[in-house]
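The values are calculated or read from the model by the stated rules, or taken from the named source; none is laboratory data. The structure displayed is predicted, hence computed values, not measured ones. Neighbour counts are summed over all protein chains in view; Cβ atoms, including those assigned to glycine, are modelled from backbone coordinates with ideal geometry. Heads up: the accessible areas ignore ligands, DNA and RNA and are worked out on the full protein's heavy atoms, side chains in. Shrake-Rupley method; radii C 1.70, N 1.55, O 1.52, S 1.80 Å.
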Amino acid sequence: MDFEGIDMLDLFAGTGSIGLEFVSRGAREVTAVELAHVQQNFIITTCKQLGINNLTVIRGDVFRYINACMIKYDFIYADPPYALDRLPELPNLIFGHEMLKKDGLFVLEHSKDNDFSNHPNFVEKRTYGSVNFSFFTPHCQ
């Protein structure tokens, strides 16, 4: 995927490193959703220091954001805490709220304990050490 000119959503943004990487690769707009105040401030401070003005930080609950979101993204990345009880709901929520553009991609980071291979939008799973990434697209519907 060419990241230049895309709109990207970073859920459970943490330090913002994923969103910042997308900015560095030419993303048009990045939205980072992070609940923790310390991490949110870190992302804001980093953006100011680097002169980044196309990364918007939203301090809030990811699930509330998804339920209220009216924007469609080219790329959605979610790195929730692996022990999060609601982690398995994320693909259904993303596709239920039609948050991806027609050629969009959703990548969910998770532990080996999660298996999304039966999800109708699942494309593939990649494993790097103990980290697993499941890929989803709207094309599979």
Flag if Lys112 is in a strand (DSSP E or B) and either of a type in the set (D, E, K, R) or free of Cβ contacts under 8 Å to residues at least 24 places away in the same chain (or both): no
Segment 101-114, residues that are closer than 18 Å to Ser130 by Cβ and open to solvent by less than 30 Å² (accessible area, probe 1.4 Å): Val107, Leu108, Glu109, His110, Ser111, Asn114
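Give the residues of segment 26-50 that are of a type in the set (D, E, K, R) and surrounded by 13 or more Cβ atoms within 10 Å (Cβ to Cβ), sorted by residue number.
Across segment 26-50, the qualifying residues are Arg28, Glu29, Glu34.
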Some residue of segment 84-100 being under 20 Å from Val23 (Cα atoms) and open to solvent by 60 Å² or more (accessible area, probe 1.4 Å): no
Odd one out for Gly104 among (1) within 16 Å of Met8 (Cα to Cα); (2) of a type in the set (Gly, Ala, Ser); (3) in a loop (DSSP other than H, G, I, E, B): (3)
In segment 121-141, the residues that are part of a loop (DSSP other than H, G, I, E, B), touching a helix residue (DSSP H, G or I) at 6+ places or on another chain (Cβ under 8 Å) and either among the charged types (D, E, K, R) or modelled with pLDDT of 95 or more (or both): Asn121
Out of Leu105, Leu84, sole residue that is aliphatic (A, V, I, L, M), at pLDDT below 95 and out of contact with any helix residue (DSSP H, G or I) (no Cβ under 8 Å at 6 or more places or on another chain): Leu84
Residue in segment 69-78 that is of a type outside the set (Gly, Ala, Ser), in a helix (DSSP H, G or I) and open to solvent by less than 20 Å² (accessible area, probe 1.4 Å) present: no
